[in-house]
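Colleague: Handing you a structure now.
Just so it is clear, none of the values below were taken in a lab; they were calculated from the coordinates. These figures come from a predicted structure and were not determined experimentally. Glycine also receives a Cβ, built like all others from the backbone with ideal geometry; neighbour counts cover every protein chain displayed.
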Amino acid sequence: MCGICGIIRFDGAPVMADMITAMSDRLAHRGPDGAGFYLDGSLGLGHRRLAILDLSSAGHQPMSYGDGCWWITYNGEIYNFLEVRSELEAKGYHFRSDGDTEVILAAYVEWGSQCLYRFNGMWAFAIWDSQKRTLFLARDRFGVKPLFYLRLPGCFAFASEMKAFLALPNFAPRINLPVFKAELLDIHSQEGGPNCLLQDVYRLPAGHWLHVAADGHITLQRWWRTFDHLTAVPQRLEEQAEQFASLFIDACRIRMRSDVPIGTSLSGGLDSSAVVCTVAKLARQGSARQAADWQRVFVATFPDTPVDERIYAEMVIQQTGVLPVFVVVDAQTTFDLWARTIYHVEQVVNGPLGNLWLLYENERRSGVVVTLDGHGGDELLAGYPHYTIAALYDAGSWPTHPRRYLELFDIYRGLLSSPSDTGPRTNLVSLAWETHAWLRGLRRLAQRYSVHKVNANRAAGLNTWFGPALAEVEPMSPTVSDELPDASLFRRTLYRDFHATVLPVILRNYDRMSMAHGVEVRMPFLDWRLVTLVFSLPDTSLLGQGYTKLILRRALQDSLPPAVVTRRDKIGFALPFSRWLLGEGIHQFARLLRDAGLPNSPLWRQDIVEAAVTQLECNPTWSHISAINTCLAAQLWLRQYVPNGNGL
């Protein structure tokens, strides 16, 4: 919901309306339903509105409270705003609007920064105290909604997206080369931390707040750490599953609160299927402020490719009776959108995001403004193969813990199997012989993964592409989540991916691609109550009995199609990129390289680039394509954010 921005000056000069308007105009895609600004001398706040709760003018922002003492510009949703509002009303607070924005203001007045703990939702907001002349900014627990800030002499600015800063006349964009190189080598290395691709621009990390004093002093504080909120859980899997189901259902229920139509993105995988089936059941029961229009699901399809999951999506559609919209994703459209998606995502990415773009474009075109999606389920519930590899490493050698080791190996084998392989292997003798051939390789892989190093082959390959401007730069250190130094490799990997590396990148991509079309994504798996429960569970409740995400399968086994519950392979919401590029798509890829000006950039070695472009259409290999793909993404970003290569 929405795009926000603002400026506070410390030299006494006033902030002008045209400056705030110019910033908010860069964010117009995030809020197509209205624009507003508030000026208070050296302070200016801007807002672009995506109207979801209280569609009247009473929901307009920036919004004031307490006779104009406090002002807010806000992006996000507080799903439990009805409950928080009731608590505040019992304390004597009164409200003029019927949404969640005014509830945030009143909660801040009552509890200060401690109000954040009472919110269940996603948010990035700034609150101005006009009497104390201070600014308070906060971001939600897991960083679902973005927030950036810019430090310049005598000035502090903030915005939902970095592109808003490009409208400021005193900001000359320059590349932050250490961050740039780090992201080239590992796209997951920086998103969870404060450092950005542009110098002087910082990301407010997830679970942090920031206070700007009248004299320009800045205080940054972490207010949320998941490890501090773990909870006692029942010992029996059945009781754990009941608790999980109760929380998941309620997480979906409060995320159905909307005054505009909602829908769901359905891949056919376990996570999105769980959301669709739960929403369908809740819709028939009804609850406060529940959206009246909820029935539509949107399915991205890749016909005649191994990553197409339409068959499973159709099982969910048939069981729930929802109304499907199938979105066909093809190579030509994806390549044509590449530069545009990078402009919106604002980062170096390892491939085009055309599937996300087309999905949310179709949702908005169909009148859907809010979508409940299954993002975060893999990172929370250990759905990727490398989590099983880490657990195998923890299990030790085969002779030491044979049953657990073989169980984990069978899970790993199932992840790489065909969709028709729907059950765990029970013949341990047969599986033992198969495991023996894989044992050393898996343990070496787990050991390499445990030290968080950049893939050596990838780094070595890319280093040959770097021109002098990059070759001598030391890459920025990766963001590392170190709350669990004594935990198992599996626990450290899962916690790090969720809080610092993989999930932050996924949240960024989905936020930018959905908000590019004015669509809000809500994610039940990121309900903080569910997250703290899952991180409190034993490993066997996540990886066990032949399956990943065991707790989710047990919790919702009666609500989902059986074939979805027992499915063991893992595809993910991915493009058939390699198939496209090793086929006719290679010519479109080569055209993109030339149009992007890659051979003329000082960041890259010209001889390597020219040879690579020539080789592409003659004898392409996937390793060759992978390296040049990363450089292309970087060049497309550079061309749009640092024109003509300035600031190298």
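Colleague: Which entries of Lys145/Lys181; Lys181/Lys570; Lys281/Lys549; Lys281/Lys570; Lys163/Lys281; Lys91/Lys132 show an alpha-carbon separation above 29 angstrom in the structure shown? Present the calculation step by step, with values, prior to reporting the outcome.
Modeller: Numbers: Lys145/Lys181 25 Å; Lys181/Lys570 31 Å; Lys281/Lys549 22 Å; Lys281/Lys570 26 Å; Lys163/Lys281 41 Å; Lys91/Lys132 24 Å.
Among Lys145/Lys181; Lys181/Lys570; Lys281/Lys549; Lys281/Lys570; Lys163/Lys281; Lys91/Lys132, the Cα-Cα distance tops 29 Å for Lys181/Lys570; Lys163/Lys281.
Colleague: Could you work out how far the C-alpha centroid of the stretch 350-391 sits from that of the stretch 483-556, in angstrom?
Modeller: 12 Å
Colleague: Grab the other residues whose beta carbon is less than 13 angstrom from that of Gly374, score K and R as +1, D and E as -1, and report the net.
Modeller: Numbers: positive: Arg255, Arg522, Lys549; negative: Asp271, Glu309, Asp373, Asp378, Glu379, Asp527.
That sum, taken over residues with Cβ under 13 Å, equals -3.
Colleague: Still on this structure: Just how many % of Cα pairs in the stretch 127-204 lie over 14 Å apart, if you round to the nearest whole percent?
Modeller: On the way: 1987 of 3003 pairs.
Every Cα pair in the stretch 127-204 considered, those over 14 Å come to 66 percent.
Colleague: Something else: Net charge near Lys132: determine it from the other residues with C-beta under 14 Å of the C-beta of Lys132, scoring Lys and Arg +1 and Asp and Glu -1. Let's see the in-between values first.
Modeller: Numbers: positive: Arg133; negative: Asp40, Asp129, Asp215.
Taking every other residue near Lys132 into account, the sum is -2.
Colleague: Same structure, new question: As an exercise, take the mean of 1/r over every pair of distinct alpha carbons in the stretch 255-296, invert it, and state the Kirkwood radius in angstroms.
Modeller: Working: mean 1/r = 0.0945 Å⁻¹.
Evaluated over the stretch 255-296, this radius sits at 10.6 Å.
Colleague: Based solely on its DSSP helices, what 222 nm [θ] is calculated for the chain when runs of n ≥ 4 H residues each add -39,500 (n - 2.57) and the sum is averaged over all residues, nearest 500 deg cm²/dmol? Intermediate results must be reported in sequence, preceding the final value.
Modeller: Working: 25 runs with 263 residues, N = 648.
Roughly -12000 deg cm²/dmol at 222 nm, from the helical runs in the chain.
Colleague: Report the Cα-based extents of the chain along its three principal axes, largest first, to the nearest Å.
Modeller: That gives 75, 63, 47 Å along the principal axes, largest extent first.
Colleague: Using every Cα-Cα pair within the stretch 201-317, state what percent have a distance larger than 22 Å.
Modeller: Cα-Cα pairs of the stretch 201-317 separated by over 22 Å account for 59 percent.
Colleague: Counting Lys and Arg as +1 and Asp and Glu as -1, what is the net charge of the other residues whose Cβ lies under 11 Å from the Cβ of Pro475? Before the final figure, lay out each step's value.
Modeller: Details: positive: Lys181; negative: Glu183, Asp186, Glu474.
Here the count lands on -2.
Colleague: I need the helices of the chain that pass two filters: whole DSSP H segments spanning 27 Å or more by Cα along the axis, and mean Kyte-Doolittle score no lower than -0.5. Intermediate results must be reported in sequence, preceding the final value.
Modeller: Working: long enough: 428-450 (29 Å, -0.23); 622-641 (28 Å, 0.24).
Span-like helices in the chain: 428-450, 622-641.
Colleague: Just report the Cα centroid separation between the stretch 112-138 and the stretch 245-286, whole Å.
Modeller: 29 Å
Colleague: May I pose another question? As an exercise, use a Förster radius of 25 Å and the Cβ-Cβ distance of Arg591 and Asp304 to find the FRET efficiency, rounded to the nearest 0.05.
Modeller: So, using R0 = 25 Å, E works out to roughly 0.55.
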